[in-house]
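Q: Shown below is the structure under consideration.
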């Protein structure tokens, strides 16, 4: 009932049973009464080893290709790009879904499409192939003439590579281009050192940060949304509006970032 075929190997005509696995089993040499069985078996082993060697080379090549592709997709400042103000662009709808999922993993309340009304903007950091979201920032432009950073996040697997600073530098450059006189945000306790390293200052100089940390820790342990720490950086090349009320820190909506 097995499938047999004949093949010429090293000058020997062999009859091979193809039903016995990947390489078949040599049944006999059929030319001129055939060579001794040992010689036939040796010829078959050479065929099998050659096939196995080709298989190993193919698998190694495939592994290298996968590793090279993964390396090309690995997020870094050199392998990412920023897509500014894409909240209303249908061609990036798949990326917007990824960004909303990242928002939900990072903050108690994720952003949604209805958040982008008026001056609210969404900017994405994506891989060079534009297949994956690495991070995003959600900001708005209140009437006071400053830029309010509502949310900013980087995918956990891509953190520690300078991408957060890269995205924050873009925010500061964006604020400058829009002639904003300041950038403001309400920072989560864990993010305060990061923002300080970028030049942000505590808005309320006489506030007790240690007390704020205790309050934030208690809120987290109780499953409540964490109170943010008010921070800002002044862009002194742009004047502050004369009628602006400096005592009012928050815009009409805010969450900690």
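Q: Of the conditions (1) within 22 Å of residue 186 (Cα to Cα); (2) part of a helix (DSSP H, G or I); (3) at pLDDT below 95, residue 103 clears all except one; give me its number.
A: Looking at each condition in turn, residue 103 falls short on (3).
Q: Considering only residues that are farther than 17 Å from residue 171 by Cβ and under 11 Å from the mean Cα position of the chain (by Cα), which ones fall in region 103-127?
A: 127 - this is the single residue of region 103-127 that is farther than 17 Å from residue 171 by Cβ and under 11 Å from the mean Cα position of the chain (by Cα).
Q: When only residues in region 215-233 that are free of Cβ contacts under 8 Å to residues at least 12 places away in the same chain and surrounded by 12 or more Cβ atoms within 10 Å (Cβ to Cβ) count, which is farthest from the chain's Cα centre (by Cα)?
A: 218
Q: Only one of (1) buried (at least 20 other Cβ atoms within 10 Å of the Cβ); (2) in contact with a strand residue (DSSP E or B) (Cβ under 6 Å, 6 or more places away or on another chain) is not met by residue 203, so which one is it?
A: The number of the failed condition is (1).
Q: Tell me yes or no: at least one residue of region 29-44 is in contact with a helix residue (DSSP H, G or I) (Cβ under 8 Å, 6 or more places away or on another chain), over 30 Å from residue 135 (Cβ atoms) and modelled with pLDDT under 50.
A: Yes: region 29-44 contains one or more residues that are in contact with a helix residue (DSSP H, G or I) (Cβ under 8 Å, 6 or more places away or on another chain), over 30 Å from residue 135 (Cβ atoms) and modelled with pLDDT under 50.
Q: Quickly run through region 211-237 and pick out the residues that are in a loop (DSSP other than H, G, I, E, B) and at pLDDT 95 or above.
A: Filtering region 211-237 for residues in a loop (DSSP other than H, G, I, E, B) gives 222-228, 235-237.
Within region 211-237, just 235 meets the criteria.
Q: In region 107-132, which residues are under 15 Å from residue 149 (Cα atoms) and outside any loop (DSSP other than H, G, I, E, B)?
A: The answer is 115, 121, 122, 123, 124.
Q: Condition test on residue 98, is it on the phi < 0 side of the Ramachandran plot, touching a strand residue (DSSP E or B) at 6+ places or on another chain (Cβ under 6 Å), part of a helix (DSSP H, G or I) and at pLDDT 85 or above?
A: Numbers: on the phi < 0 side of the Ramachandran plot: yes; touching a strand residue (DSSP E or B) at 6+ places or on another chain (Cβ under 6 Å): yes; part of a helix (DSSP H, G or I): yes; at pLDDT 85 or above: yes.
So residue 98 fits the description; yes.
Q: Inside region 176-199, can you point out the residues that are surrounded by 18 or more Cβ atoms within 10 Å (Cβ to Cβ) and more than 22 Å from residue 108 (Cβ to Cβ)?
A: 180, 181, 182, 183 - these are the residues of region 176-199 that are surrounded by 18 or more Cβ atoms within 10 Å (Cβ to Cβ) and more than 22 Å from residue 108 (Cβ to Cβ).
Q: Right, here's the next one. Any chance you could count how many residues in region 164-190 are under 24 Å from residue 81 (Cβ atoms) and not in a strand (DSSP E or B)?
A: Narrowing region 164-190 to residues under 24 Å from residue 81 (Cβ atoms): 164-178, 180, 183, 185.
Applying the additional criterion that residues be not in a strand (DSSP E or B) yields 164-178, 180.
Residues meeting the conditions: 16.
Q: Can you confirm whether residue 59 is at pLDDT 80 or above, part of a helix (DSSP H, G or I), more than 30 Å from residue 171 (Cβ to Cβ) and out of contact with any helix residue (DSSP H, G or I) (no Cβ under 6 Å at 6 or more places or on another chain)?
A: Working: at pLDDT 80 or above: no; part of a helix (DSSP H, G or I): yes; more than 30 Å from residue 171 (Cβ to Cβ): yes; out of contact with any helix residue (DSSP H, G or I) (no Cβ under 6 Å at 6 or more places or on another chain): yes.
For residue 59, the condition - at pLDDT 80 or above, part of a helix (DSSP H, G or I), more than 30 Å from residue 171 (Cβ to Cβ) and out of contact with any helix residue (DSSP H, G or I) (no Cβ under 6 Å at 6 or more places or on another chain) - is not met.
The values are calculated or read from the model by the stated rules, or taken from the named source; none is laboratory data. Quantities reported herein were computed from a predicted structural model and do not represent experimental measurements. Heads up, the Cβs are rebuilt from the backbone with ideal geometry, glycines too, and the neighbour counts pull from every protein chain shown.
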